[in-house]
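In what follows, a structure is listed as C-alpha coordinates, so that the remarks can point back to it.
The values are calculated or read from the model by the stated rules, or taken from the named source; none is laboratory data. On a predicted model such as this, the values are computed, not experimentally measured, just so you know. Quick reminder, even Gly has a Cβ in these numbers, built from the backbone with ideal geometry, and neighbours come from all protein chains shown. Surface areas here come from the heavy atoms of the whole protein model, side chains and all, with no ligands, DNA or RNA. Shrake-Rupley method; radii C 1.70, N 1.55, O 1.52, S 1.80 Å.
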Amino acid sequence: MEMMPPEHFMKIALELAARGKGYTSPNPMVGAVVVKNGKIIGQGWHEKVGGPHAEVNAINDAGDAASGSTLYVTLEPCNHQGRTPPCTQKILAANIRHVVMAMTDPNPDVSGGGAAFLTQNGITVDSGICEAEARRLNESFIKYSAVKRPFVLLKCAATLDGRIATRTGDSKWVTGASSRKYVHELRHASDAILVGVNTVKADNPSLTTRLDDKKGKDPIRIVLDTRLSIPENSKLLQIPAGSDTLIITGNSKSSSKRDAIENSGVKVIDAVLNADGRIDLDALMTQLGQMGITSLLIEGGAQVAASALQAGIVDKINFFYAPRILAADDGIPMCSGTGPELMADSIPVKDIRVRQFDNDVMIEGYLR
(Lines give C-alpha, C1' and ligand atoms only; values in the text may rest on other atoms or scores of the structure.)
Protein backbone atom coordinates (compact mmCIF):
# COMPACT_ATOMS: atom_id res chain seq x y z
CA MET A 1 0.00 0.00 0.00
CA GLU A 2 1.35 3.42 -0.96
CA MET A 3 1.99 5.56 2.15
CA MET A 4 0.96 9.21 2.02
CA PRO A 5 3.59 11.83 2.98
CA PRO A 6 3.19 13.54 6.38
CA GLU A 7 2.24 16.82 4.64
CA HIS A 8 -0.92 15.12 3.32
CA PHE A 9 -2.22 14.39 6.81
CA MET A 10 -1.07 17.72 8.27
CA LYS A 11 -2.97 19.63 5.56
CA ILE A 12 -6.13 17.75 6.56
CA ALA A 13 -5.44 18.68 10.20
CA LEU A 14 -5.02 22.35 9.16
CA GLU A 15 -8.35 22.28 7.30
CA LEU A 16 -9.99 20.90 10.43
CA ALA A 17 -8.31 23.58 12.58
CA ALA A 18 -9.72 26.37 10.38
CA ARG A 19 -13.25 25.24 11.26
CA GLY A 20 -12.66 26.76 14.69
CA LYS A 21 -12.12 30.25 13.25
CA GLY A 22 -14.00 32.83 15.29
CA TYR A 23 -14.90 30.41 18.10
CA THR A 24 -11.65 29.61 19.93
CA SER A 25 -10.13 33.01 20.87
CA PRO A 26 -8.10 33.63 22.98
CA ASN A 27 -7.06 30.03 22.33
CA PRO A 28 -5.48 29.02 19.01
CA MET A 29 -7.22 27.09 16.24
CA VAL A 30 -5.96 23.49 16.32
CA GLY A 31 -6.77 20.42 14.23
CA ALA A 32 -5.66 16.80 14.67
CA VAL A 33 -5.91 13.46 12.86
CA VAL A 34 -5.08 9.98 14.11
CA VAL A 35 -3.43 7.80 11.43
CA LYS A 36 -2.84 4.03 11.48
CA ASN A 37 -1.56 1.90 8.61
CA GLY A 38 -1.75 4.93 6.32
CA LYS A 39 -5.44 5.61 7.04
CA ILE A 40 -7.16 8.30 9.09
CA ILE A 41 -9.03 6.58 11.93
CA GLY A 42 -9.90 9.68 13.99
CA GLN A 43 -10.14 13.42 13.51
CA GLY A 44 -11.09 16.49 15.52
CA TRP A 45 -10.54 20.18 16.04
CA HIS A 46 -10.79 22.71 18.88
CA GLU A 47 -14.40 23.71 18.38
CA LYS A 48 -14.85 26.44 20.99
CA VAL A 49 -13.03 28.10 23.85
CA GLY A 50 -13.41 26.02 27.01
CA GLY A 51 -14.24 22.90 25.00
CA PRO A 52 -12.04 19.81 24.49
CA HIS A 53 -8.84 20.34 22.52
CA ALA A 54 -8.32 18.94 19.03
CA GLU A 55 -6.17 16.01 20.18
CA VAL A 56 -8.84 14.87 22.66
CA ASN A 57 -11.59 15.03 20.02
CA ALA A 58 -9.46 13.14 17.47
CA ILE A 59 -8.41 10.41 19.94
CA ASN A 60 -12.00 9.98 21.15
CA ASP A 61 -13.07 9.69 17.51
CA ALA A 62 -10.51 6.93 16.95
CA GLY A 63 -11.44 5.06 20.13
CA ASP A 64 -9.39 1.99 21.12
CA ALA A 65 -7.94 1.78 17.60
CA ALA A 66 -5.72 4.78 18.50
CA SER A 67 -3.29 2.40 20.24
CA GLY A 68 -0.02 2.23 18.28
CA SER A 69 -1.04 5.06 15.90
CA THR A 70 0.46 8.37 14.78
CA LEU A 71 -1.16 11.67 15.81
CA TYR A 72 -0.82 14.65 13.46
CA VAL A 73 -1.57 17.94 15.22
CA THR A 74 -1.19 21.54 14.03
CA LEU A 75 0.22 22.83 17.34
CA GLU A 76 2.35 21.31 20.09
CA PRO A 77 0.08 19.42 22.54
CA CYS A 78 -0.35 21.21 25.85
CA ASN A 79 1.32 19.81 28.95
CA HIS A 80 -0.37 22.08 31.49
CA GLN A 81 -3.73 22.26 33.21
CA GLY A 82 -5.84 25.08 31.77
CA ARG A 83 -9.59 25.13 31.25
CA THR A 84 -9.13 21.48 30.24
CA PRO A 85 -6.66 18.73 31.32
CA PRO A 86 -3.27 18.42 29.55
CA CYS A 87 -3.49 16.77 26.12
CA THR A 88 -0.16 15.01 26.67
CA GLN A 89 -1.83 12.76 29.30
CA LYS A 90 -4.58 11.84 26.84
CA ILE A 91 -1.95 10.95 24.20
CA LEU A 92 -0.07 8.81 26.71
CA ALA A 93 -3.23 7.02 27.90
CA ALA A 94 -4.24 6.26 24.28
CA ASN A 95 -0.86 4.51 23.71
CA ILE A 96 -0.04 6.68 20.70
CA ARG A 97 3.45 5.90 19.42
CA HIS A 98 4.32 8.91 17.27
CA VAL A 99 3.29 12.59 17.33
CA VAL A 100 3.86 14.85 14.33
CA MET A 101 3.24 18.55 14.96
CA ALA A 102 3.33 21.54 12.66
CA MET A 103 4.84 23.95 15.21
CA THR A 104 5.80 24.33 18.85
CA ASP A 105 3.61 26.40 21.15
CA PRO A 106 4.51 30.11 20.66
CA ASN A 107 3.77 30.91 24.30
CA PRO A 108 7.28 31.32 25.76
CA ASP A 109 6.09 30.02 29.16
CA VAL A 110 5.12 26.58 27.81
CA SER A 111 6.92 26.22 24.46
CA GLY A 112 8.63 22.85 24.11
CA GLY A 113 7.14 21.44 27.31
CA GLY A 114 4.61 19.17 25.60
CA ALA A 115 7.11 17.76 23.15
CA ALA A 116 9.68 17.17 25.91
CA PHE A 117 7.15 15.34 28.09
CA LEU A 118 6.09 13.07 25.23
CA THR A 119 9.71 12.27 24.31
CA GLN A 120 10.55 11.47 27.93
CA ASN A 121 7.69 8.99 27.91
CA GLY A 122 8.94 7.10 24.86
CA ILE A 123 6.81 8.77 22.18
CA THR A 124 8.58 9.82 18.97
CA VAL A 125 7.98 13.53 18.21
CA ASP A 126 8.57 15.34 14.91
CA SER A 127 7.97 19.05 14.32
CA GLY A 128 7.92 21.57 11.46
CA ILE A 129 5.57 19.84 8.99
CA CYS A 130 3.57 22.58 7.17
CA GLU A 131 4.84 25.06 9.77
CA ALA A 132 4.39 28.17 7.57
CA GLU A 133 0.70 27.34 6.99
CA ALA A 134 0.18 26.64 10.69
CA ARG A 135 1.77 29.95 11.67
CA ARG A 136 -0.36 31.89 9.18
CA LEU A 137 -3.52 30.25 10.50
CA ASN A 138 -2.74 31.31 14.07
CA GLU A 139 -0.92 34.58 13.38
CA SER A 140 -3.07 36.48 15.92
CA PHE A 141 -2.42 33.93 18.67
CA ILE A 142 1.31 33.93 17.90
CA LYS A 143 1.64 37.72 18.12
CA TYR A 144 -0.49 38.00 21.24
CA SER A 145 1.50 35.21 22.93
CA ALA A 146 4.73 37.11 22.26
CA VAL A 147 3.83 40.75 23.02
CA LYS A 148 0.32 40.76 24.58
CA ARG A 149 -0.97 43.14 21.91
CA PRO A 150 -3.58 42.43 19.24
CA PHE A 151 -2.70 41.37 15.71
CA VAL A 152 -4.00 44.24 13.55
CA LEU A 153 -5.56 43.81 10.10
CA LEU A 154 -6.41 46.95 8.10
CA LYS A 155 -9.18 46.51 5.54
CA CYS A 156 -9.94 49.11 2.84
CA ALA A 157 -12.18 49.02 -0.23
CA ALA A 158 -11.49 51.43 -3.09
CA THR A 159 -11.99 52.20 -6.76
CA LEU A 160 -9.13 51.44 -9.12
CA ASP A 161 -8.05 55.07 -8.77
CA GLY A 162 -7.82 54.71 -5.01
CA ARG A 163 -11.00 56.37 -3.72
CA ILE A 164 -13.13 54.92 -0.92
CA ALA A 165 -16.06 57.33 -1.50
CA THR A 166 -17.20 60.13 -3.79
CA ARG A 167 -16.84 63.80 -2.84
CA THR A 168 -20.32 63.63 -1.21
CA GLY A 169 -19.20 60.72 0.97
CA ASP A 170 -21.23 58.13 -0.95
CA SER A 171 -19.55 54.74 -0.58
CA LYS A 172 -22.43 52.26 -1.11
CA TRP A 173 -21.21 50.09 -2.58
CA VAL A 174 -17.63 50.35 -3.78
CA THR A 175 -17.11 46.60 -3.97
CA GLY A 176 -19.48 43.77 -4.84
CA ALA A 177 -21.46 41.31 -2.73
CA SER A 178 -18.76 38.61 -2.84
CA SER A 179 -16.12 40.93 -1.32
CA ARG A 180 -18.54 42.16 1.33
CA LYS A 181 -19.33 38.57 2.27
CA TYR A 182 -15.63 37.90 2.82
CA VAL A 183 -15.39 40.99 5.05
CA HIS A 184 -18.03 39.43 7.30
CA GLU A 185 -15.78 36.35 7.54
CA LEU A 186 -12.99 38.69 8.68
CA ARG A 187 -15.30 40.22 11.30
CA HIS A 188 -16.27 36.76 12.53
CA ALA A 189 -12.59 35.83 12.89
CA SER A 190 -11.66 39.03 14.79
CA ASP A 191 -12.00 39.75 18.50
CA ALA A 192 -12.72 43.41 17.80
CA ILE A 193 -13.44 45.86 14.98
CA LEU A 194 -12.39 49.52 15.02
CA VAL A 195 -13.69 52.61 13.18
CA GLY A 196 -13.45 56.36 13.63
CA VAL A 197 -16.39 58.49 14.71
CA ASN A 198 -16.57 60.10 11.24
CA THR A 199 -17.46 56.69 9.78
CA VAL A 200 -20.20 56.36 12.39
CA LYS A 201 -21.58 59.80 11.48
CA ALA A 202 -21.43 59.14 7.73
CA ASP A 203 -22.66 55.53 7.55
CA ASN A 204 -24.26 54.72 10.93
CA PRO A 205 -22.93 51.13 10.71
CA SER A 206 -23.89 48.19 12.96
CA LEU A 207 -20.47 46.47 12.62
CA THR A 208 -22.08 43.11 13.30
CA THR A 209 -21.30 39.82 11.54
CA ARG A 210 -23.76 38.46 9.00
CA LEU A 211 -22.93 35.05 7.53
CA ASP A 212 -25.16 32.93 5.29
CA ASP A 213 -24.11 29.45 6.35
CA LYS A 214 -23.53 29.74 10.10
CA LYS A 215 -24.14 31.94 13.09
CA GLY A 216 -21.31 34.43 13.09
CA LYS A 217 -19.64 35.93 16.15
CA ASP A 218 -20.01 39.68 16.55
CA PRO A 219 -16.69 41.36 17.34
CA ILE A 220 -16.33 43.95 20.08
CA ARG A 221 -17.10 47.27 18.35
CA ILE A 222 -14.58 50.06 19.03
CA VAL A 223 -15.06 53.71 18.05
CA LEU A 224 -12.28 56.32 18.15
CA ASP A 225 -14.07 59.44 19.36
CA THR A 226 -11.66 61.95 20.90
CA ARG A 227 -14.34 64.54 21.77
CA LEU A 228 -17.22 62.15 22.47
CA SER A 229 -19.22 63.47 19.53
CA ILE A 230 -20.95 60.21 18.56
CA PRO A 231 -24.62 60.83 17.72
CA GLU A 232 -26.84 59.46 20.48
CA ASN A 233 -29.06 57.65 17.97
CA SER A 234 -26.13 55.67 16.49
CA LYS A 235 -26.74 51.95 15.94
CA LEU A 236 -23.46 51.26 17.75
CA LEU A 237 -25.01 52.57 20.97
CA GLN A 238 -27.81 49.98 20.71
CA ILE A 239 -25.87 46.90 21.82
CA PRO A 240 -26.87 43.49 20.45
CA ALA A 241 -26.83 40.65 22.96
CA GLY A 242 -23.44 39.08 23.42
CA SER A 243 -21.41 41.98 22.04
CA ASP A 244 -19.68 44.97 23.60
CA THR A 245 -19.17 48.49 22.29
CA LEU A 246 -16.23 50.59 23.48
CA ILE A 247 -15.97 54.34 22.85
CA ILE A 248 -12.35 55.46 23.04
CA THR A 249 -12.13 59.12 24.02
CA GLY A 250 -9.63 61.70 25.14
CA ASN A 251 -12.34 63.58 26.99
CA SER A 252 -12.00 62.26 30.52
CA LYS A 253 -14.40 64.75 32.07
CA SER A 254 -17.73 63.43 33.21
CA SER A 255 -20.69 64.76 31.25
CA SER A 256 -24.37 64.05 30.89
CA LYS A 257 -23.68 62.53 27.44
CA ARG A 258 -20.97 60.24 28.81
CA ASP A 259 -23.27 59.20 31.65
CA ALA A 260 -26.10 58.46 29.20
CA ILE A 261 -23.80 56.37 26.99
CA GLU A 262 -22.42 54.41 29.92
CA ASN A 263 -25.89 53.87 31.39
CA SER A 264 -26.91 52.18 28.12
CA GLY A 265 -24.20 49.53 28.71
CA VAL A 266 -21.58 50.98 26.36
CA LYS A 267 -18.12 51.40 27.87
CA VAL A 268 -16.37 54.77 27.54
CA ILE A 269 -12.59 54.41 27.87
CA ASP A 270 -10.09 57.23 28.33
CA ALA A 271 -7.05 56.94 26.10
CA VAL A 272 -3.65 58.60 25.91
CA LEU A 273 -3.53 61.48 23.42
CA ASN A 274 -0.46 62.21 21.31
CA ALA A 275 1.08 65.62 20.66
CA ASP A 276 -1.48 66.63 18.00
CA GLY A 277 -4.44 65.85 20.28
CA ARG A 278 -5.42 62.58 18.61
CA ILE A 279 -5.75 59.20 20.30
CA ASP A 280 -2.34 57.52 20.57
CA LEU A 281 -2.99 54.28 18.69
CA ASP A 282 0.23 52.60 19.80
CA ALA A 283 -0.68 53.10 23.48
CA LEU A 284 -4.25 52.00 22.72
CA MET A 285 -3.00 48.65 21.38
CA THR A 286 -1.38 47.98 24.75
CA GLN A 287 -4.66 48.88 26.49
CA LEU A 288 -6.64 46.56 24.22
CA GLY A 289 -4.11 43.76 24.80
CA GLN A 290 -4.56 44.15 28.55
CA MET A 291 -8.29 43.64 27.95
CA GLY A 292 -7.55 40.26 26.30
CA ILE A 293 -8.20 41.40 22.71
CA THR A 294 -5.92 39.25 20.53
CA SER A 295 -7.02 40.39 17.05
CA LEU A 296 -8.30 43.71 15.71
CA LEU A 297 -9.88 44.50 12.34
CA ILE A 298 -9.66 48.18 11.37
CA GLU A 299 -12.43 49.23 9.00
CA GLY A 300 -12.06 52.94 9.55
CA GLY A 301 -12.13 55.73 6.99
CA ALA A 302 -9.26 57.65 5.41
CA GLN A 303 -8.15 59.36 8.60
CA VAL A 304 -8.12 56.23 10.75
CA ALA A 305 -6.37 54.17 8.03
CA ALA A 306 -3.63 56.80 7.70
CA SER A 307 -3.25 57.14 11.48
CA ALA A 308 -2.98 53.36 11.96
CA LEU A 309 -0.38 52.98 9.21
CA GLN A 310 1.67 55.95 10.41
CA ALA A 311 1.54 54.72 14.01
CA GLY A 312 3.08 51.41 12.87
CA ILE A 313 0.39 49.28 14.51
CA VAL A 314 -0.78 47.46 11.36
CA ASP A 315 0.46 43.88 10.86
CA LYS A 316 -1.48 42.99 7.72
CA ILE A 317 -3.57 44.64 5.02
CA ASN A 318 -6.54 43.48 2.95
CA PHE A 319 -7.07 46.12 0.25
CA PHE A 320 -10.02 45.48 -2.06
CA TYR A 321 -10.10 47.18 -5.48
CA ALA A 322 -13.34 47.35 -7.44
CA PRO A 323 -13.48 47.71 -11.26
CA ARG A 324 -14.68 51.33 -11.00
CA ILE A 325 -12.97 54.62 -11.76
CA LEU A 326 -14.14 57.97 -10.37
CA ALA A 327 -11.81 59.78 -12.80
CA ALA A 328 -11.35 62.79 -10.53
CA ASP A 329 -9.30 63.83 -7.54
CA ASP A 330 -12.17 65.08 -5.39
CA GLY A 331 -13.27 61.72 -3.98
CA ILE A 332 -12.17 60.52 -0.55
CA PRO A 333 -8.77 58.75 -0.74
CA MET A 334 -7.86 55.54 1.12
CA CYS A 335 -5.60 57.56 3.41
CA SER A 336 -5.79 61.27 4.20
CA GLY A 337 -3.23 63.72 5.57
CA THR A 338 0.40 64.42 4.76
CA GLY A 339 2.59 61.61 3.49
CA PRO A 340 6.35 61.20 3.06
CA GLU A 341 8.31 63.35 0.63
CA LEU A 342 10.21 60.45 -0.88
CA MET A 343 8.94 57.16 -2.33
CA ALA A 344 11.81 55.50 -0.47
CA ASP A 345 10.02 56.39 2.77
CA SER A 346 6.75 54.65 1.83
CA ILE A 347 5.66 51.58 3.81
CA PRO A 348 6.79 48.32 2.16
CA VAL A 349 4.31 45.44 1.98
CA LYS A 350 5.65 41.87 1.96
CA ASP A 351 4.46 38.33 1.29
CA ILE A 352 1.79 39.48 -1.16
CA ARG A 353 -1.18 37.33 -2.11
CA VAL A 354 -3.81 38.31 -4.64
CA ARG A 355 -7.36 36.96 -4.56
CA GLN A 356 -10.33 37.66 -6.77
CA PHE A 357 -13.93 38.01 -5.53
CA ASP A 358 -16.05 38.09 -8.69
CA ASN A 359 -14.67 41.21 -10.41
CA ASP A 360 -13.04 42.71 -7.31
CA VAL A 361 -9.36 42.11 -6.57
CA MET A 362 -8.01 41.83 -3.01
CA ILE A 363 -4.35 42.42 -2.23
CA GLU A 364 -3.23 40.84 1.03
CA GLY A 365 0.17 41.50 2.52
CA TYR A 366 2.17 41.97 5.69
CA LEU A 367 3.75 45.14 6.99
CA ARG A 368 6.05 43.35 9.43
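Taking H as built 1.01 Å from N, whose amide H comes closer than 5 Å to the amide H of ILE269, not counting residues under 5 places away?
Long-range HN contacts for ILE269: ILE247, ILE248, THR249.
Add +1 for every Lys or Arg and -1 for every Asp or Glu among the other residues with Cβ under 11 Å from the Cβ of PRO219, and state the total.
-1
Where does segment 233-368 land on Rg/Rh, using Cα atoms and the Kirkwood Rh?
Reported Rg/Rh, Kirkwood definition of Rh: 1.01.
Pairwise over distinct Cα atoms, reciprocal of the mean inverse distance: report the Kirkwood radius of segment 1-136 in Å, one decimal place.
Taking every pair of different Cα atoms in segment 1-136, averaging 1/r and inverting gives 14.3 Å.
How far is it, in nm, from the label point at SER255 to the one at GLU185 when both lie 7 Å from their Cα along the line to the Cβ?
Each label point lies 7 Å from its Cα, and together they span 4.1 nm.
Report in % the part of the accessible area of segment 1-70 that belongs to carbon and sulfur, leaving out ligands and nucleic acids; probe 1.4 Å.
Summing carbon and sulfur atoms, their accessible area is 51 percent of the total for segment 1-70.
Sort out for me the Cα centre separation of segment 133-199 from segment 229-293, rounded to whole Å.
After rounding, the separation between the Cα centres reads 20 Å.
Check the straight Cα-Cα distances from LYS90 and name the aspartates and glutamates below 16 Å, setting aside those fewer than 8 residues away within the same chain.
GLU55, ASP61, ASP64, GLU76
Mind giving me the FRET efficiency for LEU92 and MET3? R0 is 25 Å, r the Cβ-Cβ distance, nearest 0.05 is fine.
Plugging the Cβ-Cβ distance into 1/(1 + (r/R0)^6) gives 0.50.
Work out the charge dipole of the chain with +1 on the Cβ of Lys and Arg and -1 on the Cβ of Asp and Glu about the Cα centre, then indicate which of SER127, THR24, PRO106 is farthest towards its positive end.
Going by the Cα projections, it comes out as THR24.
Using the heavy atoms of the protein chains alone and a 1.4 angstrom probe, what is the accessible area of the chain per residue in square angstrom?
With all protein chains present, the chain gives 48 Å² per residue.
Exceeding 21 Å between C-alpha atoms, which entries from my cross-link table qualify? They are LYS201/LYS257; LYS48/LYS215; LYS148/LYS235; LYS201/LYS235.
The pairs that break the limit, which is 21 Å between Cα atoms, are LYS148/LYS235.
For the chain, what is the Kirkwood estimate of the hydrodynamic radius, computed as the reciprocal of the mean inverse distance between distinct Cα atoms, to one decimal in Å?
The answer is 22.4 Å.
Say R0 is 41 Å: what FRET efficiency, to the nearest 0.05, do ASN359 and GLN310 get from their beta-carbon distance?
With R0 = 41 Å, the Cβ-Cβ based efficiency is 0.85.
Between ASP126 and SER264, what FRET efficiency follows from the Cβ-Cβ distance if R0 is 51 Å, with the result rounded to 0.05?
Efficiency, from the Cβ-Cβ distance: 0.40.
I'd like the Karplus ³J(HN,Hα) series for segment 168-176: coefficients 6.51, -1.76, 1.60, θ = phi - 60°, whole numbers in Hz, and an x wherever there's a Gly or Pro.
7, x, 6, 10, 9, 10, 5, 9, x
Can you compute the equivalent ellipsoid semi-axes for segment 222-283, i.e. the square root of 5 times each eigenvalue of the Cα gyration tensor, sorted largest first and rounded to whole Å?
21, 13, 9
Run the paramagnetic zone check for ILE352: 7 angstrom along Cα to Cβ, then residues of segment 303-344 with backbone nitrogen under 15 Å.
Once the point is set 7 Å along Cα→Cβ of ILE352, 317-321 turn out to lie under 15 Å by backbone N, inside segment 303-344.
Multiply the residue gap between ARG135 and ALA275 by 0.36 nm, knock off their C-alpha separation, and tell me the result in nm, one decimal place.
My answer for the length gained is 46.7 nm.
If packing is taken as the average count of other Cβ atoms within 10 Å, what order do 29-42, 86-99, 112-125 fall into, highest mean first?
Packing proxy ranking, top to bottom: 29-42, 86-99, 112-125.
If you take every DSSP beta bridge whose two residues both sit in the chain, what share of them, in percent to the nearest 5, is antiparallel?
Roughly 40 percent of the beta bridges in the chain run antiparallel, per DSSP.
Could you state the per residue volume, in Å³, of the convex hull enclosing the Cα atoms of segment 248-322?
Measuring per residue, one finds 134 Å³ for the Cα hull of segment 248-322.
Under a crude label model (7 Å from the Cα following the beta-carbon direction), how far is ARG324 from ARG227 in nanometres?
For the pair ARG324/ARG227, the computed spacing is 3.0 nm.
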